[in-house]
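Below: the structure, in structure tokens.
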Amino acid sequence: MTGVPVRLLPTEVGCRGEGPATASPGGRAPDRFHVLAKPTGAICNLDCAYCFFLSKEALYPGGRFRMTDELLERYLDQLFEAHARSRHVTVAWQGGEPTLMGVDFFRRVMAAVERRRRPGQVVEHTIQTNATLLTDEWAALFARHDVLVGVSIDGPPEVHDHYRRDKRGGPTFERVLRGLGHLRRHGVRTNVLCTVHAANQDRGLRVYRYFRDDLGVEFVQFIPIVERRDEPGAPPRAVTERSVDPAAWGRFLIAVFDEWVRRDVGEVFVSEFDAALASWVGAPASLCIFAETCGVAVALEHNGDVYSCDHFVDPDHLLGNITTGHLAELVGSGAQRRFGAAKRDTLPGYCLECPVRFACNGECPKNRFVLTPDGEEGLNYLCAGYRAFFTHVDGLMRRMAELVRAGRSATEVMALLARASRNGPCPCGSGRKAKACHQRIPVEPTVVD
């Protein structure tokens, strides 16, 4: 999955208590970096309509798509060697669906990690899963080793099952809920990763309230689905009908924020809001997508291939293989440093002059494929949404940042809003009366399917 405060999601970069990793000059890997290991490659037991990674199976025709024990040992050797000067090491797994490897594989992972962990070194185990294969046996293992488990859920059943189907086209929600139940019974630390797309983009409040009130979720990250159309004859810069609309993405975040800031600060942690507060406080970006540069989060395939990023698993971004080169050398290579610097160096002028650039930094380069208003290449497809969101939260983020700098809790913003005179100006600085702004209970418009 890194914050102020935040508990790391498997897709965040950095280690708890240390802030985000940064690239090192001179060809040396940073003292800390993040590896998203994919032991089954792109293989998954589900067939989610929007999954960008399922197509990566084509990169390895005839492949077995199972990480061998030999490769596992080599990977962990290199990961711990590269973090010899770091007190924290993150061991992160994703897919495809990593639990297809079976529980015994992950027992071997835990044992192998313990053989390498130095005295006093903190190891953060994370895994991102669709949870459909989880059992009490899995949950017991995760609890024993304090594994942070990210569970993919897109909202209540009618929303989740819209795109998240199994190989036979059947719904998956009940199986996910059953898996989540196993984790809860064993006290496993969990986060929810929720994708936002055409089926739930207008239901931000419904989705958020379902997570909070029905599932008791305390940590959530929202991921916008942006799929480019690549079929022959597709218009340039076109996206699929499943993709989230940029303006709707902004409205989704705003709706959730307005609910959260009134009653849930300090109780529910939303990665995008934690990241925004970090930016307003002046702390380093807590999510790689909002950092000025990137390149310290690589993807490791089942066969040892290392790619620049989970979203750039393609031949142009293949850095090498850990069987023929060391992981630290690949992360510190010139190609990877250029990849990371390009996030900053390729921003169009429209972004460079944007008042919320400090919080956004152009977001992820994978989404930079539309034109700016004056026709320059490289604008982020989601720009309109992010600009609306960051502009909307500016006033209250400033308030929370002031509290944090004063050594107080950001949670005090809720009392500030509640105490405001209903007919007086809202503390957010919008210029509207409080009763028409953040004292107004958000209501979501009815969505007709």
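The values are calculated or read from the model by the stated rules, or taken from the named source; none is laboratory data. This is a predicted model, so every value here is computed, not measured. Cβ atoms come from the backbone with ideal geometry, glycine included; neighbour counts cover every protein chain shown. These area figures cover heavy atoms from the full protein model, side chains too; ligands, DNA and RNA do not enter into them. Shrake-Rupley method; radii C 1.70, N 1.55, O 1.52, S 1.80 Å.
Could you check segment 381-427 and list, in sequence order, the residues that are among the polar types (S, T, N, Q) and within 19 Å of R251 (Cβ to Cβ)? Break it down stepwise before answering.
Filtering segment 381-427 for residues among the polar types (S, T, N, Q) gives 391, 409, 411, 421, 423.
Correct list: T391 only.
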## Note on the structure
Taking segment 289-308 and keeping only residues that are part of a strand (DSSP E or B) and out of contact with any His (no Cβ under 6 Å at 6 or more places or on another chain), one is left with V298, A299, L300, D305, V306
### Query
Can you name every residue in segment 304-320 that is of a type outside the set (F, W, Y) and surrounded by 17 or more Cβ atoms within 10 Å (Cβ to Cβ)?
G304, D305, V306, S308, C309, D310, H311, V313, H317, L318, L319, G320
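Condition check ((1) in contact with a Gly (Cβ under 9 Å, 6 or more places away or on another chain); (2) in a helix (DSSP H, G or I)) across all residues:
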site	(1), (2)
Y50	no, no
S55	no, yes
R74	yes, yes
F80	no, yes
T90	yes, no
E114	no, yes
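Report those helices (runs of 4 or more DSSP H) wholly inside segment 164-269 carrying at least 2 residues which are farther than 19 Å from T129 by Cα. Let's see the steps before the verdict.
Values: elements: 173-185, 204-209, 246-263.
The helices (runs of 4 or more DSSP H) meeting that bar are 204-209, 246-263.
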### Task
Any chance you could count how many residues in segment 183-228 are under 25 Å from D136 (Cα atoms) and charged (D, E, K, R)?
7
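If you check C354, C364, which single one turns out to be surrounded by fewer than 23 Cβ atoms within 10 Å (Cβ to Cβ) and within 25 Å of T240 (Cα to Cα)?
On the way: C354 fails: within 25 Å of T240 (Cα to Cα).
Only one candidate passes the filter, namely C364.
Listed residues F269, F273; which is of a type in the set (F, W, Y) and within 26 Å of E227 (Cα to Cα)? Write out each step before concluding.
Values: F269 fails: within 26 Å of E227 (Cα to Cα).
Every option except F273 fails the conditions.
Okay, residues lined up against (1) open to solvent by 10 Å² or more (accessible area, probe 1.4 Å); (2) in contact with an Asp or Glu (Cβ under 9 Å, 6 or more places away or on another chain); (3) at pLDDT 95 or above; (4) acidic (D, E):
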| residue | (1), (2), (3), (4) |
| --- | --- |
| V239 | yes, yes, yes, no |
| L253 | no, yes, yes, no |
| F257 | no, yes, yes, no |
| V261 | no, no, yes, no |
| S271 | no, yes, yes, no |
| S286 | no, yes, no, no |
| A299 | no, yes, yes, no |
### Query
Would segment 431-438 turn up any residue that is in contact with a strand residue (DSSP E or B) (Cβ under 9 Å, 6 or more places away or on another chain) and either in a helix (DSSP H, G or I) or modelled with pLDDT of 95 or more (or both)?
yes
### Task
Just one of (1) over 18 Å from V281 (Cβ atoms); (2) buried (at least 19 other Cβ atoms within 10 Å of the Cβ); (3) not aliphatic (A, V, I, L, M) trips up S430, so point out which.
(2)
### Scope segment 36-82; condition open to solvent by 40 Å² or more (accessible area, probe 1.4 Å) and in contact with a Phe, Trp or Tyr (Cβ under 7 Å, 6 or more places away or on another chain); matching residues
I43, A49
### Query
Which number in (1) among the charged types (D, E, K, R); (2) buried (at least 18 other Cβ atoms within 10 Å of the Cβ); (3) closer than 27 Å to D274 by Cβ marks the one condition that E292 misses?
(2)
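Within segment 104-148, which residues are among the hydroxyl-bearing types (S, T, Y) and buried (at least 18 other Cβ atoms within 10 Å of the Cβ)?
In the first step, residues of segment 104-148 are kept if they are among the hydroxyl-bearing types (S, T, Y); the result is 126, 129, 132, 135.
T126, T129, T132 - these are the residues of segment 104-148 that are among the hydroxyl-bearing types (S, T, Y) and buried (at least 18 other Cβ atoms within 10 Å of the Cβ).
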### Task
Any chance you could count how many residues in segment 83-95 are of a type in the set (G, A, S) and either over 30 Å from C44 (Cα atoms) or open to solvent by 20 Å² or more (accessible area, probe 1.4 Å) (or both)?
2
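Only one of these is at pLDDT 95 or above and either in contact with a helix residue (DSSP H, G or I) (Cβ under 9 Å, 6 or more places away or on another chain) or surrounded by 14 or more Cβ atoms within 10 Å (Cβ to Cβ) (or both): A418, A401, A406. Name it.
On the way: A418 fails: at pLDDT 95 or above; A406 fails: either in contact with a helix residue (DSSP H, G or I) (Cβ under 9 Å, 6 or more places away or on another chain) or surrounded by 14 or more Cβ atoms within 10 Å (Cβ to Cβ) (or both).
It is A401.
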### Message
Please go through segment 202-225 and give me each residue that is open to solvent by less than 30 Å² (accessible area, probe 1.4 Å) and farther than 27 Å from C288 by Cα, ordered by number.
### Response
Y210, L215
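If I go through segment 361-396 residue by residue, how many of them are in a helix (DSSP H, G or I) and farther than 24 Å from H317 by Cα? It would help to see each step written out before you state the result.
Narrowing segment 361-396 to residues in a helix (DSSP H, G or I): 365-367, 383-396.
Filter once more, so that each one left must be farther than 24 Å from H317 by Cα: 383-396.
Of the residues in that region, 14 qualify.
Could we say that V192 is at pLDDT 95 or above, open to solvent by less than 20 Å² (accessible area, probe 1.4 Å), in contact with a Leu (Cβ under 8 Å, 6 or more places away or on another chain) and among the hydrophobic types (A, V, I, L, M, F, W, C) here?
Yes.
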